[in-house]
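Working notes for the structure below.
The values are calculated or read from the model by the stated rules, or taken from the named source; none is laboratory data. Since we're looking at a predicted model, the values are computed, not measured. Here the Cβ is made from the backbone with ideal geometry for all residues, glycine too, and neighbour counts use every protein chain on show. For accessibility, only protein heavy atoms count, side chains too; no ligands or nucleic acids. Shrake-Rupley method; radii C 1.70, N 1.55, O 1.52, S 1.80 Å.
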Amino acid sequence: GPAPRSYPHSAVLDGAGAYRLRWGRRGSALALRLEVRTRGYVGFGLSASGGMASADIVVGGVERGQPYLQDYFTDENRVLKRDPQQDYHLEYAMENSTHTILAFSRELHTCDTNDKSITESTVRVIWAYHHKDMGEAGQNYHGSNRGTKSLRLLNPEREEASPASLPYFDLTNKDVPVPDKDTTYWCQMFKIPVQHEKHHVTKVEPLIQKGHENLVHHILLYQCSSSLNDSVLDYGHECYHPNMPDSFLTCETVIFAWAIGGEGFTYPPHVGLSIGTAADPLFVLMEVHYDNPSETEGLIDNSGLRLIYTPVLRKYDAGVIEAGLWVSLFHNIPPGMPEFVSEGHCTLECLEEALGAERPAGIQVFAVLLHAHLAGRAIRMRHFHNGEEQKLLAYDDEFDFNFQEFQYLKEERTILPGDNLVTECHYSTVDRIRMTWGGLSTRNEMCLSYLLYYPRINLTRCASIPDIMEQLQFIGVKEIYRPVRTWPFIIKSPKQYKNLSFMDAMNKFKWSRSEGLSYNQLVLKLPVNVRCSKTDNAEWSIQGMTALPPEIERPYKTEPVTCSSSSCLSCSLFLTLLCIVYITASTIGNTGTFV
């Protein structure tokens, strides 16, 4: 059958290692190969929610030497139905004494309403297998042999073989007791051990303790202030916790992100992350998200990261810019909203000043991480050059908080003085009854893009804050107590909000969907306060100035995709006929009824 090498990407979908998916793009189609430890049937699907409802499913196997493969879909009640339009095409099937292997392909966009389009967004893959074949088992529910995993099928990591002899150092947790609760974020500070001369990190890999593949959900590495001292290294602590050490608050820029199912991150051949000089990260904070839904007790973890580095310097140093909404209470989302849009601006003014001073020829962005929390549904990174919109820098219309990693850009993008960037975040707060506030905890929200670029310049944050007073006027606030001595500050009038903090006032307001919508329109037009920071909390002079958000089409309109159904060659002809009929109908429609 087709050799695995024609599938450049692969992922193990289950904790036991029984289900491996290999895949690769072929023109306008996706080729897939399933290798599963079973002699029964194998199921594979794409789902919006990660559940069995409204999913696009294919089931196959080998029964008594005969291969079978069927395209199915489920309705919102999870009832499995055979798809009248069969879009999955079997290319190879094999069964031996332990495994079933199936290779098949499908067009990315099939014109079939029962199929999910495959785009660069995150895809929730669902998988299942059974020890019996479909014929014997019927629609036998797969017991415990099923699950879901988020992947990017069209935009996966690059795997590059790095020479085995390169030096590396590990940043790993030491015997962390994982609490017996659903979700834990554990933070530990480290000092980069390479300090005497410049080196380039060329690759970062996850080191996941054996057996903890499902426990360690994601790992983020932040750069901290270099003015800290070694006393911060002694202990780890839960992140985002009221008692966590203050030193953790100096760690704001993400240098690396890994999420479950992800591989390592490889820098492009001409770029490296510089370590060992005074300008480089010295203290870093590693955040590990543990996912323990069964609340198992007594787990001890030693997972972390391996950084592979080289003394042979590459041409450019990589930098990271955090762009979007400054994390603060000035970013807020009303409850009960099926859709609410926030925008963070990396303003023309900030880029003009920083690039003008350091790199008038522009910087090259090569990867982007889009970041929000649990209410996030979609994120788009918009790019404007002299006011004119370019292709999206990055997007994820199926954002999954539990699957965040840097997406490599297909081609590097130049950001020039005269450009501005807008991070557009879509949220759903349908299940919430109180305001959602910008903040660090996962129940708070963020709207950020981290840009990986070269050559490194002295710009770490390019963000914005909407004006708070106009937000409060929306709910009827007249005046606040000045000078402001408490945070959040206190309202003086009108009477219904007197002596309440602005957070309490916002929660007291009776939000309806239509109020929420008018509020959303207001917030997107408010003047913004510009954040434009250098390393170690220094600032460009534009910081603190007020700017108006650019007048742009909101929200971003996605380009329509052209679909091609592999099972229907006469479709295009049929569509042409339909159009003719429709045009005739609409012209006749003006003169009389058309039946």
Can you work out the FRET efficiency for the pair ASN499 and SER54, with r the C-beta to C-beta distance and R0 = 60 Å, to the nearest 0.05? 0.80
Cα-based convex hull, the stretch 338-450, per residue volume (Å³, whole number): 112 Å³
Step through the residues of the stretch 435-449 one at a time and calculate ³J(HN,Hα) from phi using the Karplus curve (6.51 cos²θ - 1.76 cosθ + 1.60, θ = phi - 60°), rounding each to whole Hz and writing x for Gly and Pro. 4, 9, 10, x, x, 7, 6, 5, 7, 7, 10, 9, 8, 9, 10
In order over the stretch 190-196: 3J(HN,Hα) from phi, Karplus 6.51/-1.76/1.60, θ = phi - 60°, whole Hz, x for each Gly or Pro, gives 9, 10, 5, x, 8, 10, 9
Qualifying lysines (Cα of each under 17 Å from Cα of LYS557; at least 8 residues distant if same chain): LYS391
Judged on accessible area alone, 1.4 Å probe, highest first, TRP511, TRP487, TRP258, TRP326 line up as TRP487, TRP326, TRP511, TRP258
Counting every Cα pair in the chain, what percent are over 46 Å apart? 21 percent
Leaving out ligands and nucleic acids, and using a 1.4 Å probe, what accessible area per residue does the stretch 468-525 come to in Å²? 61 Å²
Could you run the Karplus curve 6.51 cos²θ - 1.76 cosθ + 1.60 with θ = phi - 60° over the stretch 170-183 and give me ³J(HN,Hα) per residue in whole Hz, x for Gly and Pro? 10, 10, 10, 5, 10, 6, 7, x, 7, x, 7, 9, 3, 9
Straight-line reach from LYS508: which lysines fall under 26 Å, measuring Cα to Cα and dropping same-chain residues less than 8 apart? LYS478, LYS492, LYS495, LYS498, LYS525
Rounded to a whole number, what % of the accessible area of the chain do carbon and sulfur atoms account for, probe 1.4 Å? 52 percent
So how strong a dipole does the chain carry about its Cα centre when Lys and Arg Cβ are +1 and Asp and Glu Cβ are -1, to the nearest 20 debye? 540 debye
